[in-house]
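Working notes for the structure below.
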Amino acid sequence: MRQQVIRLLSSYGPVSGREPGDPSEGPFPWPFTERALRVLDLAQESSHDLHHPAIEPADILLALVVTDDAEVVELFDSWGIDRLQLRRRIMDLAEEEDREDGDGPATPNGGSPT
């Protein structure tokens, strides 16, 4: 499993021509590929929809669950993880947290995981 994660992460390697800390191409201290930026965009949407004050690990996980990136889909499938079921469970936990915090209901907006 570790090798699969390493292979997946390496496919999200830096955008060519940009050095770590180069502020000319974005706010992040290390370059991101277009694929990684798409996941961060989805995580930002999730954070907003779930009333989080910032992007949290659950938002990134939700983004990975709903992405249509073939390598991510393949990885979840190889681990026997049902992405739709995982998404529902994350949303249930977020709604429970909202109720405990007195926030409004969580509303998903990350697209379908299939």
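For this structure, a couple of remarks:
- Selection of the stretch 50-91 for residues being exposed (fewer than 12 other Cβ atoms within 10 Å of the Cβ), at pLDDT 90 or above and assigned to a helix (DSSP H, G or I) yields 77, 78, 85.
- Tabulated pairs, the stretch 75-86, first closer than 13 Å to residue 62 by Cβ and aliphatic (A, V, I, L, M), second surrounded by 12 or more Cβ atoms within 10 Å (Cβ to Cβ) and modelled with pLDDT under 90, C-beta under 9 angstrom, 6+ apart or interchain: 84/113; 86/113
- Pairs, first free of Cβ contacts under 8 Å to residues at least 60 places away in the same chain in the stretch 41-68, second loosely packed, with under 15 Cβ neighbours inside 10 Å and hydroxyl-bearing (Ser, Thr, Tyr), C-beta under 8 Å, six or more apart: 66/112
- So residue 21, is it among the small types (Gly, Ala, Ser), assigned to a loop (DSSP other than H, G, I, E, B), over 25 Å from residue 97 (Cβ atoms) and modelled with pLDDT under 90: yes
The values are calculated or read from the model by the stated rules, or taken from the named source; none is laboratory data. All values derive from a computational prediction rather than experimental measurement. Cβ sites come from the backbone with ideal geometry, for glycine too, and all protein chains shown count toward neighbours.
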